[in-house]
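Read-outs throughout are calculated quantities, based only on the coordinates presented, and are distinct from any laboratory measurement. The shown structure was predicted, so the numbers you read here are calculated from the model rather than taken from an experiment. Here the Cβ positions follow ideal geometry from the backbone for every residue, glycine too, while neighbour counts run over all protein chains shown.
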Amino acid sequence: MPKLVKRAVMVVIVASRRPAPVPVWREERVGPGDRFSPMAAVVDLADVSIVRGGATLIDNLSWRVEEADRWVVIGPNGAGKTTLLQIVAAQIHPSSGVAGLLGEVLGTVDVFELRPRIGITSAALAERIPRSERVHDVVVSASYAVIGRWRESYDELDHARADELLASLGIGNLADRTFGTLSEGERKRVQIARALMTDPELLLLDEPAAGLDLSGRETLVRTLGDLARDPYAPASVLVTHHVEEIPVGITHALLLRDGKVVAEGPLEETLTAENLEATFDLRLALTRNGGRWAARAV
Ligand SMILES: Nc1ncnc2c1ncn2[C@@H]1O[C@H](COP(=O)(O)OP(=O)(O)OP(=O)(O)O)[C@@H](O)[C@H]1O
């Protein structure tokens, strides 16, 4: 079984306002022999639709994510957010349209080569992690894209990277615990560490704050903000129902309803009360304070 991890130089920066160091990964992403063209977007969907059982889940959607972008995708239940994420995670193919991913086109490339270049956290993935798995192994086993460590061999650099990722997410002390003994917030952090293990070019976070209490949400949103503002972190797409969960550092928003784009573009221009009202079909007051957003019905 091939190992998927790419080697990168890890640089630790320490910001004075937070105690935990956050690692960033320097890598020459573009160069001779690299399949990632400097002209290609990380995600480039053109008129993409997904149809299942006669229902149109994603309706003629076009969307471009650039390397420096940090997107939030917001929409009500059933809007098609997870379906959209499945396309950009190379898990499903469009029923029609063209899905460009990391310089490749879905349907013309081996998805098993594409998927390791994409880090993902989702409830569906978390459910597949054995509860008896050691936390360190949950993270390091991403190198082989396996869930549940078996007989793969890892070298010291793999183990060091997994440990440093756990430490950078503030859970280095949990490395020897089993996944099943962790709180929901701790599990979310382990998943993010796992998603970053292979130094992905695209990071997908499907409702990372779901199920967290206020303290857990705020801590996670701060961590996600650190990642979003890290210039060496990968392009990212964060899916949520709640504007309160948008970290500082997110650059763009896509508002989705019934599989269609209501609005998309730079965050400040796109995340307006008017656009949110159209997305959620609700009269709303939207406020922004200290770079964070809040919405309530009026
Ligand atoms: N295989 C399928 N056949 C028919 N409809 C489906 C299928 N899979 C999903 N759907 C429907 O597609 C719609 C979009 O689902 P999706 O999970 O992408 O929405 P979502 O925005 O992520 O919702 P939520 O916020 O509730 O998680 C939903 O109405 C769902 O019931």
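Across the range 259-269, rounded Karplus estimates of 3J(HN,Hα) from the backbone phi angles (6.51 cos²θ - 1.76 cosθ + 1.60, θ = phi - 60°) give x, 10, 7, 7, 7, 7, x, x, 3, 4, 7 Hz, Gly and Pro being marked x. Put simply, the amide H of Ala253, placed in the peptide plane, has neighbours under 5 Å in Val72, Gly265, Leu267, leaving out anything fewer than 5 places away on its chain. Close amide H contacts of Ala235 (hydrogens built in the peptide plane, cut-off under 5 Å, sequence separation of 5 or more or a different chain): Leu203. The helix-based estimate of mean residue ellipticity at 222 nm for the chain, built from -39,500 (n - 2.57) per DSSP H run of four or more residues and divided by its residue count, is -7500 deg cm²/dmol to the nearest 500. Computed from backbone phi, the HN-Hα couplings of the range 272-287 come to 10, 4, 4, 5, 5, 4, 5, 6, 9, 6, 8, 6, 9, 10, 10, 10 Hz, rounded to whole numbers (Karplus: 6.51 cos²θ - 1.76 cosθ + 1.60, θ = phi - 60°; Gly and Pro given as x). Can you give the relative contact order of the chain as a percent, counting alpha carbon pairs under 8 Å and 6+ residues apart? Relative CO of the chain lands at 22 percent. Highest mobility in the GNM of the chain, judged by mean-square fluctuation with C-alpha springs under 10 Å and restricted to Ser49, Ser215, Ser141, is found for Ser215.
The phi-based Karplus calculation (6.51 cos²θ - 1.76 cosθ + 1.60; θ = phi - 60°) puts the 3J(HN,Hα) values of the range 122-136 at 7, 4, 4, 5, 4, 5, 8, 7, x, 5, 8, 6, 5, 4, 4 Hz, whole numbers, x for Gly and Pro.
Extension gain for the segment Ser215 to Phe112, taken as residue separation times 0.36 nm less the Cα-Cα distance, is 33.3 nm to one decimal.
Can you sort Asp226, Asp158, Asp281 by how many other beta carbons sit within 10 Å, fewest first?
Values: Asp226 23, Asp158 20, Asp281 8.
Placing the least packed residue first, the sequence is Asp281, Asp158, Asp226.
Near the amide H of Leu57, within less than 5 Å, lie the amide hydrogens of Ile50, Val51, Arg52, all on another chain or at least 5 residues away, with H placed in the peptide plane.
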